[in-house]
Amino acid sequence: MMEDATFEMYDDFVEAFSAMMESVHKNAVNKGFWEPPKELQELQEILLHKATIMHPAAEERALQLIADMATRNDGEAIALMHSELSEMLEAQRKMQGQQSEKIPEFTHEEEEAADLLIRLMDFCAGKGLRLAEAVVAKAAYNKGRPYKHGKKF
C-alpha cells in the first residue's frame, strides 16, 4: 500500500520503470515504428538531387515540411493506445480467462493490457515524458482526494 511504502521504494519503481520504458522504446525504434514513411525519404532524396535548380527558399521550405511530416504522428499513436483498450474490452467480453495464443502463460486480457502499457511506454519515452515520476506524483496526490474523488462513479 502506498502509505506503507518508503521513498526508496518509489525511487526503485521510477528507476526500474524508466529502464523498462527505454528498453521498450529502443525496441520500437529498432522495429521501425519511429521511421518516417518511405515516401518521405524518397521525396527528400528527389529534392536533394534537384536542389541545384530549386530556389534556396523553396528547397529550405520543402525540407522543413519533410522534417515536420517525418515525426511520428501523436494522434495516431494515441489512437493505437485506444485500440489496445478496445481489444482488452473485447477480450474481457468474449474470452474472459482464456489463455493467449501468443503468450500462453497469460490471458488475452493480460496480453492486451501489456500491449497498452508497451505502447504508452514507447510513446512517453519517445516524447521524453517522465511517466514513472508522474505515476508516483499522481498516486500521492490521489491519496488526499475524497472518496471517489467526490463524484458518483
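Without any contact (Cβ under 8 Å) to a residue 24 or more places away in the chain, in contact with a Phe, Trp or Tyr (Cβ under 9 Å, 6 or more places away or on another chain) and under 28 Å from Met20 (Cβ atoms) - does that describe any residue in segment 130-152? Looking through segment 130-152, none of the residues is without any contact (Cβ under 8 Å) to a residue 24 or more places away in the chain, in contact with a Phe, Trp or Tyr (Cβ under 9 Å, 6 or more places away or on another chain) and under 28 Å from Met20 (Cβ atoms). Among the residues of segment 91-136, those that are over 30 Å from Tyr10 (Cβ atoms) and surrounded by 13 or more Cβ atoms within 10 Å (Cβ to Cβ) comprise Ala91, Gln92, Met95, Gln99, Ser100, His108.
Somewhere in segment 123-145, is a residue modelled with pLDDT of 95 or more and touching a Gly at 6+ places or on another chain (Cβ under 8 Å)? No, every residue in segment 123-145 fails to be modelled with pLDDT of 95 or more and touching a Gly at 6+ places or on another chain (Cβ under 8 Å).
So that you can scan it fast, the table gives a plain yes or no per residue for (1) farther than 27 Å from Glu42 by Cβ; (2) of a type in the set (A, V, I, L, M); (3) touching a residue at least 60 places away in the same chain (Cβ under 8 Å); (4) in the same structural domain as Leu43 (by TED's automatic domain parsing):
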{"position": "Glu84", "(1), (2), (3), (4)": "yes, no, no, no"}
{"position": "Met88", "(1), (2), (3), (4)": "yes, yes, no, no"}
{"position": "Leu116", "(1), (2), (3), (4)": "yes, yes, no, no"}
{"position": "Leu120", "(1), (2), (3), (4)": "yes, yes, no, no"}
{"position": "Phe123", "(1), (2), (3), (4)": "no, no, no, no"}
{"position": "Gly128", "(1), (2), (3), (4)": "yes, no, no, no"}
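Which residue out of Ile78, Ile66 is assigned by TED's automatic domain parsing to the domain that holds Leu40 and within 21 Å of Pro37 (Cα to Cα)? The match here is Ile66.
The values are calculated or read from the model by the stated rules, or taken from the named source; none is laboratory data. The structure presented is a predicted model; accordingly, all values stated were derived computationally and were not measured. All Cβ positions, even for glycine, are placed from backbone atoms using ideal geometry, and neighbour counts span all protein chains on display.
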